[in-house]
Amino acid sequence: MIKGIRKLSTIGAASLLAVSLVGCAAASSGPDSSGNQVEAEAALFDAGVTTVTTTEGLVSTDWLEQNLDDPDLVILQIANEEGLYERGHIPEAQKLDWYSGLTGGESRGIIDSESFQAITSSLGINQDSKVIVYGETHQLFATWAVWVLKIYGFNNVRLLDGGWSKWQAEGKQVSLAQPTVDPGDFVPTEANLELRAFIEEVVATASAGPDGNSIIVDNRSLESYVGEETSGAKFDGHVASAENLFSFALFNEDVSYLQPAEIAAAYQAIGATADKEVILYCGTGLLASASWFALTQILGYEDVKNYDGSWTEYGNAEDVPIENADS
């Protein structure tokens, strides 16, 4: 059933407030610009370079440039544009096609464990490797890669902050050579379903309505959220009770992530705090993977799931709670 929208103006205002907070935080360096609670929480995290902890998932372009000779390093360009890797890439980087190497193909979802092991072996990924991934024109395919690697138990993976765009803009070294590697010995674990949401859980959470323990976040644009932009699905709008925060609002112009305090401010503005279960979705799970990365790998939130079925599945389902501007 398609439910009428509940307090759309309030929900929309929350979305706009979140984006506004991001802009305000970026413009101000004052310690109270994001509020005392945000400041206290963000103080727990260090932005930028890390090679150890799993709650800080970024490495800088300078760090990578200085560590290119590390024999344990595996660098992956997550490809989504044909021929871009072949025209130049970061030295020692290998190409990993997002569609064929990280998804379920026509069946959507994620790649199965057996196929994933074959691919990681071909890329020379060992149990003790340090994997760095980066995106081409933006970071969504790379954040998806981090999510899938962690689903299958490979935790020593980092995102190159700013990706290929920032590396090029800084005039760093570019290579045409495609490295050859020995087969890797990484063996995937059983899929960690604590990182992934399915439609049954989303429907149950939406049907229960807002509460103090969980929140659903729509990571698409505000126009898609309210149903003013056609999604291609049978229905337009959003999951009932979901808040809205466009994932692209979490990035700077150079495709690097905002500072932790700014990300925390944006999410706290819509009620997504570290003590809640957070379910993220978008159209296909890509935008949601960028927010999943920000919350789990930068802020250290522990209970965050990407619903990769997202609106492609939910918007075509019957008898699920949906809200939109025309209902």
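Remarks
- Close pairs (6 angstrom Cβ cut-off, 6 or more residues apart or separate chains): modelled with pLDDT of 95 or more in the range 233-246, surrounded by fewer than 22 Cβ atoms within 10 Å (Cβ to Cβ) and of a type in the set (D, E, K, R) anywhere: Ala240/Lys3
- When the range 190-207 is filtered for residues that are over 17 Å from the mean Cα position of the chain (by Cα), aliphatic (A, V, I, L, M) and surrounded by 13 or more Cβ atoms within 10 Å (Cβ to Cβ), the ones remaining, listed by number, are Ala191, Ile199, Val202, Val203, Ala206.
- Scanning the range 89-117 for residues that are over 12 Å from Leu149 (Cα atoms), open to solvent by less than 40 Å² (accessible area, probe 1.4 Å) and modelled with pLDDT under 95 gives Gly104, Gly105, Gly109.
- Answer residue from the range 285-296, given it is open to solvent by 10 Å² or more (accessible area, probe 1.4 Å) and touching a strand residue (DSSP E or B) at 6+ places or on another chain (Cβ under 9 Å) and is farthest from Leu102 (Cα to Cα) among those: Thr296
- With respect to (1) without any contact (Cβ under 8 Å) to a residue 12 or more places away in the chain; (2) open to solvent by 70 Å² or more (accessible area, probe 1.4 Å); (3) of a type in the set (A, V, I, L, M), the lone exception for Val187 is condition (1).
- Inter-residue pairs, beta-carbon under 6 Å, first in a loop (DSSP other than H, G, I, E, B) and in the range 273-289, second buried (at least 24 other Cβ atoms within 10 Å of the Cβ) and among the acidic types (Asp, Glu), 6+ apart: Gly285/Asp308
- Selected residue [among the aliphatic types (A, V, I, L, M) and under 21 Å from Asp161 (Cβ atoms)] from Ala233, Ala265: Ala265
- The lone criterion from (1) basic (Lys, Arg); (2) farther than 14 Å from Trp144 by Cα; (3) crowded, with 21+ Cβ neighbours inside 10 Å left unmet by Lys276 is number (3).
- The combined condition, being assigned to a loop (DSSP other than H, G, I, E, B) and buried (at least 22 other Cβ atoms within 10 Å of the Cβ), is not fulfilled by Ala264.
- Residue ID - least open to solvent (accessible area, probe 1.4 Å), chosen from residues in the range 209-261 that are among the aromatic types (Phe, Trp, Tyr) and in a loop (DSSP other than H, G, I, E, B): Phe235
- Only one of the numbered conditions (1) in contact (Cβ under 8 Å) with a residue 60 or more places away in the chain; (2) in contact with a strand residue (DSSP E or B) (Cβ under 7 Å, 6 or more places away or on another chain); (3) of a type in the set (Ser, Thr, Tyr) is violated by Thr120, and that is (2).
Yes or no, residue by residue, for (1) farther than 17 Å from Gly300 by Cα; (2) touching a residue at least 12 places away in the same chain (Cβ under 8 Å); (3) surrounded by fewer than 24 Cβ atoms within 10 Å (Cβ to Cβ); (4) not acidic (Asp, Glu):
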site: Tyr134; (1), (2), (3), (4): yes, yes, no, yes
site: His138; (1), (2), (3), (4): yes, yes, yes, yes
site: Phe141; (1), (2), (3), (4): yes, yes, no, yes
site: Trp147; (1), (2), (3), (4): no, yes, no, yes
site: Tyr152; (1), (2), (3), (4): yes, yes, yes, yes
site: Val157; (1), (2), (3), (4): no, yes, yes, yes
site: Leu160; (1), (2), (3), (4): yes, yes, no, yes
site: Trp164; (1), (2), (3), (4): yes, yes, no, yes
site: Gly171; (1), (2), (3), (4): yes, no, yes, yes
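- All told, Tyr314 meets the bar of being modelled with pLDDT of 95 or more and open to solvent by less than 20 Å² (accessible area, probe 1.4 Å).
- Any chance Ala191 is within 30 Å of Ile216 (Cα to Cα), in contact with a helix residue (DSSP H, G or I) (Cβ under 8 Å, 6 or more places away or on another chain) and hydrophobic (A, V, I, L, M, F, W, C): yes
- Selection count, the range 290-327, where residues are at negative phi, assigned to a loop (DSSP other than H, G, I, E, B) and either more than 12 Å from the chain's Cα centre (by Cα) or among the hydroxyl-bearing types (Ser, Thr, Tyr) (or both): 16
- Residues within the range 297-313 that are closer than 20 Å to Ala191 by Cβ, in contact (Cβ under 8 Å) with a residue 40 or more places away in the chain and of a type in the set (Gly, Ala, Ser), tallied: 1
- Restricted to the range 185-208, and to residues there that are of a type in the set (A, V, I, L, M) and in a helix (DSSP H, G or I), the residue that is modelled with the lowest pLDDT is Ala208.
The values are calculated or read from the model by the stated rules, or taken from the named source; none is laboratory data. Since we're looking at a predicted model, the values are computed, not measured. Because the Cβ atoms are built from the backbone with ideal geometry, glycine has one as well, and the counts that use them run over all protein chains shown. When the accessible area is computed, the model is the full protein with side chains, heavy atoms only, and any ligands, DNA or RNA have been set aside. Shrake-Rupley method; radii C 1.70, N 1.55, O 1.52, S 1.80 Å.
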